[in-house]
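The values are calculated or read from the model by the stated rules, or taken from the named source; none is laboratory data. Only a predicted model underlies this, so the values are computations on that prediction, with no experimental measurement involved. Ligands, DNA and RNA are excluded from the accessible area calculation, which covers all protein heavy atoms including side chains. Shrake-Rupley method; radii C 1.70, N 1.55, O 1.52, S 1.80 Å.
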Amino acid sequence: MESPDKQPLLLASPSVPSSVPPILVTRYLSSRSHTQRNTNTTKLKQGDLILEQLGTGADAVAAARGLVGAEQNFNPFAASIPTICSDPTLPTNELLRGVVPLVDPAVDGSDVENANAAKSLETPFDATGLSVAEVMAANGFTNFSTKDASGAAGASPDAGASTGNGGAADVAVSQGQV
């Protein structure tokens with residue numbers, strides 16, 4: 001029997017690619033504000049939850065990747081850049097690791113990141129031991145701030161952290177620096 005603190009959520013959004021089939025997933029509601037529920041870290045956890053509950057079939061993986069890779073929105077009245085998760089343990093499911101989100105086209109460098117995001121839906125980047133923020137930086141996009149799973153804010157990884165060959169393993173930023 002469903003707990004009263006759970007509600008079904010239809011995963012269909014303009015920011016989720018149209019190739020992702022709408023599926024019914026369970027979303028756990030919390031007392032956190034709307035803004036906190038829609039953070040990059042929360043989307044990574046939600047993607048993990050989709051695969052945990054629905055398995056790793058092609059439709060479930062496409063839906064979870066679509067959510068993880070969906071545009072990272074932010075309030076343009078409060079910030080000029082998105083906030084990206086700096087927790088290297090998220091997402092926990094290997095099928096989602098290396099998928100990076102789209103960013104608002106008004107953000108400087110969004111062309112690079114949005115091309116990377118589209119590519120990562122089909123072929124995720126190497127994210128071994130790296131956070132989504134570190135993967136994004138390693139692949140040429142650093143115009144963002146960071147936040148870890150506990151909510152601690154930070155700056156984006158140094159643009160010079162990569163050797164420039166595009167490999168996520170080239171990031172020389174430790175978890176404590178992000």
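Numbers for the structure displayed
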quantity: Solvent-accessible area per residue for the stretch 47-147 (1.4 angstrom probe, square angstrom); calculated: 41
quantity: Three principal axis lengths of the stretch 30-140 [C-alpha, angstrom, descending]; calculated: 38, 35, 24
